[in-house]
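What follows is a single structure, written as structure tokens, with notes after it.
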Amino acid sequence: MPPPRFARPPSAPTTTRVDHVEQLKTGDLHDLCDAADDAIHDGGGFGWLVPPPREIMERYWRGVLLVPDRSLYVGRLDGTIAGSVQLMRPSRHNEAQAHAATLTTSFVAPWARGHGLARMLTLAVEAEARRAGFAILNLDVRETQSRAIALYDSLGFQRWGCNPHYALVDGRAVAGYYYYKELTADTLLDDMPR
């Protein structure tokens, strides 16, 4: 595993925030790619097992911003992008599932864990889904992502299924869990980011 790219003096206070991103400045794009690379090396790479070449990673993030049915949120630790998550809306042609959005592509770089960014990112997507009028928020996660699973359980997501062949990692099948959360007014969380 490569060394962390982020260093902070031990006595310095930590600041965290989540931003909805509609364009990426060059420095932010590099931070996002670095954080994604670190998460992939640590086994939490939202589909990638090995970081792709930098130009492919940069094209991926630029492409996300072009998709009208996706919203990109980034988590910052002391101003540096350390993670992200996306809200994916259903296609306008999918009337049967127009009530449900999907939380996808969530990660926090290993060097930034333990500061609440994953929770903040999840709540930001949930808040946007509520504002947009969605009744259900779906997500899926590898069984190996125990911290993410604990987070989703703590936030009231309900596990409804398991695919024992969800992913193939090093030639071995890894199960995946499927979750949903009802976004009714009576489950609104008081600590959602504004």
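Loop-located trypsin sites (Lys or Arg not before Pro) in region 96-162 (DSSP state not H, G, I, E or B) with no more than 12 neighbouring Cβ atoms inside 10 Å do not occur.
Dipole magnitude for the chain: about 100 debye, using +1 per Lys or Arg Cβ and -1 per Asp or Glu Cβ, origin at the Cα centre. Residues considered: D78, D170, D38. Largest GNM mean-square fluctuation over the chain, using C-alpha springs under 10 Å, is found at D170. Suppose we look only past 22 Å in the calculated P(r) of the chain. What percent of the Cα-Cα pairs does that tail hold? Roughly 48 percent, rounded to a whole number.
Each reported figure results from applying straightforward, stated rules to the coordinates on display, with no laboratory input. As the structure is a computational prediction, the values presented were derived from the model and not from experiment. Quick reminder, even Gly has a Cβ in these numbers, built from the backbone with ideal geometry, and neighbours come from all protein chains shown.
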